[in-house]
Structures are given as structure tokens and as C-alpha cells.
1. Given (1) touching a helix residue (DSSP H, G or I) at 6+ places or on another chain (Cβ under 6 Å); (2) farther than 13 Å from H385 by Cβ, where does T206 come up short, assuming only one miss?
2. If you check every pair at least six apart or on different chains, which have Cβ atoms under 9 Å apart with a residue in region 122-133 that is of a type in the set (F, W, Y) first and a residue that is in a strand (DSSP E or B) and surrounded by fewer than 20 Cβ atoms within 10 Å (Cβ to Cβ) second?
3. Going through region 94-111 one residue at a time, which ones are under 12 Å from W79 (Cβ atoms) and aliphatic (A, V, I, L, M)?
4. For region 235-244, indicate whether the set of residues that are in contact with a Gly (Cβ under 6 Å, 6 or more places away or on another chain), part of a helix (DSSP H, G or I) and farther than 30 Å from D301 by Cβ is non-empty.
5. Which residues, taken from region 220-234, are surrounded by fewer than 24 Cβ atoms within 10 Å (Cβ to Cβ) and either farther than 26 Å from E261 by Cα or β-branched (V, I, T) (or both)?
6. Given (1) closer than 27 Å to P28 by Cα; (2) open to solvent by 50 Å² or more (accessible area, probe 1.4 Å), identify the lone condition not met by N121.
7. If the requirement is being modelled with pLDDT under 90, open to solvent by less than 10 Å² (accessible area, probe 1.4 Å) and more than 17 Å from the chain's Cα centre (by Cα), which of these qualifies: G110, G97, G187?
8. Based on what the data block shows, is T22 of a type outside the set (A, V, I, L, M), at pLDDT 85 or above, closer than 17 Å to Q159 by Cβ and open to solvent by 30 Å² or more (accessible area, probe 1.4 Å)?
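The values are calculated or read from the model by the stated rules, or taken from the named source; none is laboratory data. Everything numeric in this text was worked out from a predicted model, so none of it was measured. Here Cβ is always computed from backbone atoms with ideal geometry, including for glycine, and neighbour counts include all displayed protein chains. We work out accessible area using only protein heavy atoms, side chains counted, and drop any ligands, DNA or RNA first. Shrake-Rupley method; radii C 1.70, N 1.55, O 1.52, S 1.80 Å.
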Amino acid sequence: MKLLSLIMVGLSLSTSAFASQTIYPNNPDIMRLGRVGVSDSGYKVMNWSGSTIALNIKGSGFDIKLSPTTGTSKYTDMWYEVYVNDTLSKVVQLNTGSYASAFKVSSQTGYVTINLGADKNIDTSAINQVKIVQLNDAAIAPPPVRLEYILLKDGTTLQPASKFNYKLVYYGDSITSGLQDSNNDGGDPANDHYANISISYAFQTTQKLIASLKNYAVSIDPQYISLSGIALSNSPYWGGATMFNYYNQLAYGASNTLDSENANTVVINLGTNDIAGGATKAGYLNSLRTFVHLVRTLNPDAKIVLALWGMADPIVQHKDIYMAQQDLVREITGDSSYTCSVPATYDGNGNVVNSGVNPLDYRQNITCFYEGEDYWPYTGNAPGHPTKTFAGEHAARLSYYLTKLYLNSTN
């Protein structure tokens, strides 16, 4: 990945820092955001895209040991980014004396030094929250990496874990995972077919929600249940398997599954690969109806948002699939005139003229959100996966909508 390949030359990580205290994986103050599975050996493991290890510390940093991967290709490496107080930070120490915001775990190494003092904007005398976020798509990731231990630097202390009171779950495909191709690989073909969740609309939506809801004492636990090429009804890429085979797995490919999820909000963006597989409106609607029922079983009180977006303009190029989402909301709510919410509109001074939110969305527990996409041609195939900038534009509109739902919903 281009943003990562720049640091690979110097990515022989320092292992010499003195540590004053060893923290083991069962410590209750180590936070795990996303789904957590259990390996055959009884270890906690995570491999869904965006899976995060987080800790609150006071001091200069720590060393962290993650289990090495298996295999030798780039697809068996696990890539991570480090966020400090929800800001991407160059605090990964390299043996060249420089710092990076990302690192990989390979078959050769899983040992990393995090030095908060490398970023002059971080006050190491204060309590800082460090998040280590998996970038890979679970579908092309190696077996789950597990945390082995953390070594706190001299004078650094582990602080009590934060409470996360808002669970936000995304179900999606390569659009949600941030899969890269010639359209969004930054000009580096080596990035193609390699996912980077941080460029996706989903991750960017979460980051914007964290900022917009911060003053309301909302702490978000995001979960990205996304697999590149997956569909609900039929995909040309998975040999007959669909999201139904994987949606409730605690770790992708693992046998242990969820009994309940209890999310506050669920965003479903599935349908692009159904289109590629030649799905009819009736076939897609039937699959979507069943999937929503299963998601509702896991999340009885969640606001479920149907929000197909990413590779084509559904209302122009695939109106039948778009209408299937709206039709399902009408069917479930019993309102035959319901219409999907749309992005807000603004005046020349940046003030909201119209929120775009259907007022019914505040009262009902299933909604749909539609954004037209001038980025793609009105006919023919889309040029490729969304760039970070384009995905960010959608994230701004979707996060505004989700913020309005959170602050105003009565259901």
C-alpha cells in the first residue's frame, strides 16, 4: 500500500526499549474494539477489518508483541495503523531513527515500539488513548493475530479502561473494507487487491461520528463485518457463499458465532456484488429481507440503516436494486409512501438549508439513506473502488445523517 510502502525500507523495528511492567492479554484494562473470537488454543483473537486493540496510558509509550503470521506473500502480512486520541500519529519507532503511523506484522516479526514522545502534539504527562487498528480485509488476511504481551516503558502506567456506550456495526463488501485497485491505489499497482479500512467510507464515517458526538459523552465501538466480493444473493467471486455464511462469526473463518450483538446502529451496504452477479430485484429483495431479519435477531433495539453506496449510482444505473431497499422499509414499517433520506443541503455560507432526513426515520427502527453519485458515469461500468477523498465526502453526509438519528430518535 503506497502510504505504507514508504516506510517498509526502514521497518526493522526497535526492540531495545527498557520496559518497567509487563501487561498480559487478560488484563481488564486492555480494550478490544470489534468482535473478539477465541482460538482453538483458547486465546482471544480478532481479524475482522478495523479490529482494534486500545489502551489508556500515562507516560511515553510501550512495546507490544503480536503473534507472527504464517506465509511469505504480502497477503499474509497484517497491517496496522496507530491512532492517539483518535488522531493518526507517527509514533511507531523504526530502527532508522524515524517514525511511522503504520506497521506490519509478518512471519518474521510482531514486535513494535510505540513512542508517544515522538509526536510533539501529544502530552505524555496526560492520559492518552492509543488505538492499534487492523487495516486488512478479513477475507484476504492471514489467520487471526493475537496479542502476546505489552511492555510499558519506564514511568508509563496503564490507566483504567474506557467505557464504550455506542456500538456501531457495518455489514458490507469491498466498499466497506476499502479495497484498492487502479482507481484508488495511489498510483502504486502493488496496492491492488489489498484492503485499507482507513480509506473507506465506513472508517471515515466512524471517525467523523467520534468527533461530532464527543460532546455528548458518546464513545463508539465500531465493528466492520466486511468481505471483499461478498453478496447477499449471488456473487461471482465466492463460489456460492454469501454474507449469510459469515455475518455472525466472532472472527472470520472461526467456528464460534454470536448469540447477540446488541448494537445501537447497524449500517448495511450490500448489493454491489449482487448486481455483478446478475441479481434480480425480487431475488435481492428476498435476500435482503432475510438478512435484515437475522440482523434484527442479533440487534433487537438497533436502528438499522440500509445504505447501498460505492460502485455505481443505484437510482440511475440500477434503480430496481435501490427500490428494493426502499420497498423493504415500506414493507416493514407498513408505510407505502415512505422515501429514503438523502444528504443535507447547504447555503453559500455552509448553513444547513434542509437536513435531508425523513422525519419518520426518528421514530422507526429501520430506515434507508440514498446518495446520488455524480462520480460514476451514468452508463457502463464504474471506473473502480472509491478513493479516500470520494469516500470521505460520502462519510461526511452519512455521519451527519447518523448524528441526527442519534440525537433525535424516539424509537
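1. Exception for T206: condition (1).
2. none
3. Initial filter on region 94-111 (under 12 Å from W79 (Cβ atoms)): 100-106.
Scanning region 94-111 gives A100, A102, V105.
4. Among the residues of region 235-244, not one is in contact with a Gly (Cβ under 6 Å, 6 or more places away or on another chain), part of a helix (DSSP H, G or I) and farther than 30 Å from D301 by Cβ, which makes the answer no.
5. I220
6. Answer for N121: the failing condition is (1).
7. Details: G97 fails: open to solvent by less than 10 Å² (accessible area, probe 1.4 Å); G187 fails: open to solvent by less than 10 Å² (accessible area, probe 1.4 Å).
Of the residues listed, the single one that is modelled with pLDDT under 90, open to solvent by less than 10 Å² (accessible area, probe 1.4 Å) and more than 17 Å from the chain's Cα centre (by Cα) is G110.
8. Values: of a type outside the set (A, V, I, L, M): yes; at pLDDT 85 or above: yes; closer than 17 Å to Q159 by Cβ: yes; open to solvent by 30 Å² or more (accessible area, probe 1.4 Å): yes.
The answer is yes for T22.
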